[in-house]
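S.K.: After the structure tokens below, expect a handful of questions from me.
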Amino acid sequence: MTNKAVIVFSGGQDSTTCLIHALTHYDEIHCITFDYGQRHIAEIEVAQHLSKKLGVTVHKTLDVSLLNELAISSLTRDNIPVPTVNSSGESLPSTFVPGRNILFLTLASIYAYQVQAKTVITGVCETDFSGYPDCRDEFVKALNKALELGMDYQLQLETPLMWLNKAETWALADYYNQLELVREQTLTCYNGIKGSGCSDCDACHLRAKGLNEFLTNKEQVTRSLKAKLSLK
């Protein structure tokens, strides 16, 4: 029986690192990218390019633009400025898109049901993140249970990065000899700039801080990564 997985794939650092990791663990990978009218629409093209470059044969882009009508965020509204790293002090930053991961993981799970995949992979993390409630382990476990009950289907929402900090996520890309690809070709920036990004938004700050920590303490960070993921 073919070991299949579906991955929610945005073309950013986290989902690309998850894809690289998953390619060594599954026989067949299906990538799903969501077009929800996001501000940085370039991520769709980046995701399509990266999945092809990494050898994924099935990549679907789904139109979920209804989310744009319902979810008010600086990532769905051009008139709401993307906060800089020093300007965000609210409990939930304006870049939070309410319901996004609920919708994405639900649709990815429905797709997994149809192709008989038992795993849906997402790059959410609650170690180094912007405080989004739908990136937390508690949320993922609760949704996982609801999806299994609602579809009467055994399914695992897999979160390889959940307990990794950003430095360890960089170490994971390096472990698979894909550090430069992730560094130069992914799009994480909230302002839609590929690679190192705008250097001003929260996403770029977390990314750059993690990379600097990894490059400065490479051996120590790699040891920590291997211990957390039981890598050799």
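S.K.: I'd like to know which of ALA108, GLN154, THR216 lies farthest towards the positive end of the charge dipole of the chain, counting +1 on Cβ of Lys and Arg and -1 on Cβ of Asp and Glu.
M.R.: The residue sitting most towards the positive pole is THR216.
S.K.: Which of the listed residues, GLN185, ALA173, THR127, is farthest toward the dipole's positive end in the chain, when Lys, Arg count +1 and Asp, Glu count -1 at the beta-carbon?
M.R.: Selected residue: ALA173.
S.K.: Once both labels are modelled 7 Å past Cα along the beta-carbon direction, what's the ASN3-LEU23 spacing in nm?
M.R.: A separation of 1.7 nm, rounded to one decimal place.
S.K.: Let me ask something else. How much length is gained on full extension from ALA227 to LEU92, taking 0.36 nm per residue of separation minus their Cα-Cα distance?
M.R.: On the way: separation 135, 0.36 × 135 = 48.60 nm, distance 3.17 nm.
Extra length available between ALA227 and LEU92 comes to 45.4 nm.
S.K.: Determine the dipole magnitude for the range 98-232: charges of +1 sit on the beta-carbon of Lys and Arg, -1 on that of Asp and Glu, nothing else is charged, the reference point is the Cα centre, and the result goes in debye to the nearest 20.
M.R.: Numbers: 15 positive and 16 negative charges, 49 e Å.
Value, rounded to 20: 240 debye.
S.K.: In angstroms, what radius of gyration and Dmax does the range 110-232 have, counting Cα atoms only?
M.R.: 16.2, 48
S.K.: Rounded to the nearest 500 deg cm²/dmol, what is the calculated helix-only ellipticity per residue at 222 nm for the chain, with -39500 (n - 2.57) per DSSP H run of length n ≥ 4? The partial results should precede the final answer.
M.R.: Numbers: 9 runs with 102 residues, N = 232.
One gets -13500 deg cm²/dmol as the mean residue ellipticity at 222 nm.
S.K.: Normalised by the residues of the chain, what does the relative contact order come to in percent, with Cα pairs under 8 Å and at least six apart? Can you show the working numbers first?
M.R.: On the way: 408 pairs, mean separation 51.1, N = 232.
Averaging sequence separation for qualifying contacts and normalising by length gives 22 percent for the chain.
S.K.: If you roll a 1.4 Å probe over the heavy atoms of the protein chains, what accessible area per residue do you get for the chain, in Å²? Mind showing how you got there, number by number?
M.R.: Details: 11070 Å² over 232 residues.
I get 48 Å² per residue for the chain.
S.K.: What share of all Cα pairs of the chain, in percent, falls into each consecutive 10 Å distance bin?
M.R.: 8, 33, 40, 17, 2, 0
S.K.: Assuming 0.36 nm per residue, please report the length gained on full extension of the stretch GLN114 to ARG183 beyond their Cα-Cα distance.
M.R.: On the way: separation 69, 0.36 × 69 = 24.84 nm, distance 3.39 nm.
Gain on extension, GLN114 to ARG183, equals 21.4 nm.
S.K.: Here's something else I'd like to know. Quote the charge dipole size of the chain about the Cα centre in Debye, to the nearest 20; the model charges only the Cβ of Lys and Arg (+1) and of Asp and Glu (-1). Please list the in-between numbers first.
M.R.: Details: 21 positive and 26 negative charges, 95 e Å.
So the dipole magnitude of the chain works out to roughly 460 debye.
S.K.: Choose one answer from THR216, THR95, THR122: the residue with the largest mean-square fluctuation in a GNM of the chain with alpha-carbon springs under 10 Å.
M.R.: So, out of THR216, THR95, THR122, the one fluctuating most is THR216.
S.K.: Still on this structure, please answer the following. Roughly how many nanometres apart are two label points built 7 Å out from the Cα toward the Cβ at THR61 and THR216?
M.R.: Roughly 3.8 nm, to one decimal.
S.K.: Using C-alpha positions alone, give me the convex hull volume of the range 1-47 per residue in cubic angstrom. List each step's numbers first, then the result.
M.R.: Details: hull volume 2.9 nm³, N = 47.
Considering the Cα atoms of the range 1-47, their hull volume per residue is 62 Å³.
S.K.: If contacts are Cα pairs under 8 angstrom and at least 6 residues apart, what is the relative contact order of the range 2-72 in percent? Spell out each step's value before the answer.
M.R.: Details: 104 pairs, mean separation 24.6, N = 71.
Over the range 2-72, the number comes to 35 percent.
S.K.: Let me check the size of the range 91-142 from its C-alpha atoms; what are the radius of gyration and Dmax in Å?
M.R.: 12.3, 39
S.K.: Non-local amide H neighbours of ILE121 (under 5 Å, H modeled in plane, Pro and chain starts lacking H): which ones?
M.R.: Answer set, sorted by chain and number: VAL6, ILE7, VAL8, GLU158.
The values are calculated or read from the model by the stated rules, or taken from the named source; none is laboratory data. Keep in mind that what you see is a predicted model, and the values were worked out from it rather than measured. Cβ sites come from the backbone with ideal geometry, for glycine too, and all protein chains shown count toward neighbours. Please note that ligands, DNA and RNA were not included when accessible areas were found on the heavy atoms of the full protein model with its side chains. Shrake-Rupley method; radii C 1.70, N 1.55, O 1.52, S 1.80 Å.
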